[in-house]
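*Asks:* Below: one structure in structure tokens.
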Amino acid sequence: MAVKVLIQRKVKPGKEEALNDLVRELRFKAMYAEGFISGETLKSIQDPSMHLVISTWKNIETWNKWLNGTYRQEVKKKMKEVLVRPEKMTPYQYE
């Protein structure tokens, strides 16, 4: 069953472009990952430092494989430099 994963990130002031570069890098790689269906990136109108990624995966197993993969873990380390706090990930499934 397909899942959607919501990833919330709060970017440090002045690090917006660095975050955007990392998100684009991840999206490009994810497009070729097993089970990836789609992804979109949003920025909060009320708080422009808050960014939201919504990605859709074939199932929770393919999401977890991507999440725990070496490449994703390397980029996660880079993100620590541009984020105020660790990213918050919440997977959802259709009812």
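The values are calculated or read from the model by the stated rules, or taken from the named source; none is laboratory data. Remember, predicted model here, so these are calculated numbers, not experimental data. Neighbour counts run over all protein chains shown; Cβ positions are idealised from the backbone, glycine included.
*Asks:* From 11, 75, which residue is more than 16 Å from residue 92 (Cα to Cα) and modelled with pLDDT under 95?
*Replies:* So the residue among 11, 75 that is more than 16 Å from residue 92 (Cα to Cα) and modelled with pLDDT under 95 is 75.
*Asks:* So is residue 40 in contact with a Leu (Cβ under 9 Å, 6 or more places away or on another chain) and modelled with pLDDT of 95 or more or not?
*Replies:* Taking the combined requirement at face value, the residue satisfies it.
*Asks:* Additional query: I need a count of the residues in segment 77-95 that are aromatic (Phe, Trp, Tyr) and under 13 Å from residue 6 (Cα atoms).
*Replies:* Result for segment 77-95: 1.
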